[in-house]
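Just so it is clear, none of the values below were taken in a lab; they were calculated from the coordinates. Keep in mind the model is a prediction, meaning the values are calculated, not measured. Positions of Cβ are generated from backbone atoms using ideal geometry, with glycine treated the same way; all protein chains shown enter the neighbour counts.
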Amino acid sequence: MDVISDFSTCSLQDTPFRRRSRVAPGYRTPGYDAAFDATTLWMDAVWQDGAVTLTCPRLNNLAALLKRGRLTLDGRPVRASVRSFYRHSVVTLKSPQRPESVALEIDGHRVESSVRETEPERFRDRNVIVTMSRDNDLVWIEDFARFHAESQGAEAIALIDNGSSGYGVAELEACLERAGLDPLVLRTELPFGPRGIKPHANSELFLQTCALNAVRLRYLREARAVLFCDIDELVLSRGEDTVFDAAALSRFGYTRFRGVWRHARVDPGTTVVRHADHVFRRPGEAPCPHKWCVRPSGPVGQTQWRPHSLEGFHFNWLFDSSAFTFHHCRQITTGWKRNPASRAGAAMVEDLSAAVLVQRRARGALVRPAPSRLRRQVGRLAEAVSRQFFGLTALRQLTTAAVILCCFSVVLEEALDNDPPQQEIYAFLDAVKRVSQLDPF
């Protein structure tokens, strides 16, 4: 059966090779193995800046296949550089020119896919939402899109549709256009992944993280700012600036924020619950995990994206903001007919809807003086260096920071005692040599 996809996906379905789960059987719920993606080798293949990048569900044991097998670009053998993260892996293959295909040959089997080219101009200088959806009501999708277009200044949306059965791409695009957004709808039918038992409740939900990073690489490099949130979430500003302005105009180009649960009462005869019906809150309820907005061209633009943070960036907590929040609408789901508000009785408190809160806020934009030409040039250089630094592995970040610190120390010492700089450098190199010769045992 042909699988509909707008990604260059490679499957091991017709081979004996399978991905093994890292989660112990005791933490797997019923149906876990059936929902686990054991056969996708990579979700997308993109060529950019002299290299092909494969965005993969976390390879686990399949990483050995890439080392043992023969990887080729248009039939030309290449070596793979593999980095694994929490829910995904990234494979880099050097290639001066864009190839048409990438293939793996191993033990008499061959799997391959096409290689896509990036399209950064698609969302250049625009405020973009990225979200994933499956069989959500088109009314919900339109409400979600219109809310963010009108209240946050969203201009475009990249929606990854995970095998919806009730409508097609044309219907999705039409409802998003009615809401005022320029839509890009991308389809994939890969499994979303299983939910386990804590602490492995979300450990192997590969698809969402893979899709985020695949779309980042192909389309979002030059976006003004990118907001990730789900269809059941409405982002709210507590001040005048929008979340896109906050990310686009801040020095680091990044902000993240927590949300609150909102509930709806379902009255008899209700045909569909809406975001605006979510006016109940439960006092003392734990906040929702973070959402974020980032400027892809900023200092942290080379990091990997996860639903609640930037992976590979160790200072997410420094960018937690109280200037924004979001309403997580409990019943914007295919199981919306449950009625927690009426069951909870006095435990629920009625509050204002997100739409009313927006009307009470005087929306503006962050106003900053235009920087001088020199400051702009220095800023661009600093951002380029920062993107490269935060894109390194943790070990390489530490090594680079140590070298910079040592060089700074040499300069400072020279400024204080007027010794020749060569003397300081030789002393530093001699110390490194002596340390390397120590017997650790």
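Over the Cα atoms of the stretch 1-67, Rg to Rh with Kirkwood Rh, two decimal places? It would help to have the intermediate numbers written out before the result.
Values: Rg = 13.9 Å, Rh = 13.6 Å.
Result: Rg/Rh = 1.02.
Rank these for me by crowding, Ile106, Ile4, going from fewest to most other beta carbons within 10 Å.
Values: Ile106 17, Ile4 11.
Going from sparsest to densest Cβ surroundings: Ile4, Ile106.
What are the radius of gyration and Dmax of the stretch 83-197, computed over its Cα atoms and given in Å?
17.9, 56
Under 4 °C and 1.567 mPa s, how fast does the stretch 120-360 diffuse according to Stokes-Einstein, given a Kirkwood radius computed over C-alpha pairs? Answer in µm²/s, whole number. List each step's numbers first, then the result.
Numbers: Rh = 18.4 Å.
Approximately 70 µm²/s, per Stokes-Einstein.
Roughly how large, in nm² to one decimal, is the mean projection of the convex hull of the alpha-carbon atoms in the stretch 236-329?
On the way: hull surface 30.4 nm².
Spelled out: convex hull of the Cα atoms, projected over all directions, averaged, 7.6 nm².
Cut-off is 10 Å between beta-carbons; in what order do Tyr27, Tyr32, Tyr254 appear when sorted fewest neighbours first?
Working: Tyr27 15, Tyr32 19, Tyr254 25.
Listed from fewest to most nearby Cβ atoms, that is Tyr27, Tyr32, Tyr254.
Roughly how big is the stretch 10-117's charge dipole about its Cα centre, with Cβ charges of +1 (Lys, Arg) and -1 (Asp, Glu), in debye to the nearest 20? Please report the intermediate quantities before stating the final value.
Details: 17 positive and 11 negative charges, 106 e Å.
Computed about the Cα centre, the dipole is about 500 debye.
How big is the stretch 11-169 along each principal axis, measuring the range of its Cα positions in Å and listing the largest first?
That works out to 54, 46, 27 Å along the principal axes.
In the stretch 303-337, which chymotrypsin sites (Phe, Trp or Tyr not before Pro) fall in coil by DSSP and have 15 or fewer other Cβ atoms within 10 Å?
On the way: sites: Trp305, Phe313, Phe315, Trp317, Phe319, Phe324, Phe326, Trp336; in loops: Phe313, Phe315, Trp336.
Listed in order of number, the matching sites are Phe315.
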